[in-house]
Amino acid sequence: MMGRTFTIEISRENGMIWGEVVELPGVFASAETWDELGEAITEAISMALEDDSGPAFAFAQLPSKTSLTPTKAELSFA
């Protein structure tokens, strides 16, 4: 299966990190940590792309982030 890359707009509000998938309007997630956000946004994307045959992709890797200042990140999925 060909990999896909999604652009995630990131913001922080009330102690939470929010990620919204640019290419999939209405698909978003929130979490307290980057690791939790990676899991949550992966699940949100999977649910948005899921059909009767199961998930459309598998999570490959979340880029390592050490700062809460970025406004966008790119996640690649295989």
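Here, each number is a calculation from the coordinates, and none is a lab measurement. Here the structure is a predicted model, which means the values were calculated and not measured. With ideal geometry, Cβ positions are generated from the backbone for all residues, glycine too; neighbour counts draw on all protein chains shown.
In which sequence would Met47, Met16 go, from the one with the fewest C-beta neighbours within 10 Å to the one with the most? Display every interim value, and only then the final one.
Numbers: Met47 10, Met16 14.
So the ranking, lowest neighbour count to highest, is Met47, Met16.
Excluding Ser30 itself, what net charge comes from residues whose Cβ is under 10 Å from its Cβ, given Lys and Arg +1 and Asp and Glu -1?
On the way: positive: Arg12; negative: Glu13, Glu20, Glu32, Glu36.
Summing Lys/Arg as +1 and Asp/Glu as -1 gives -3.
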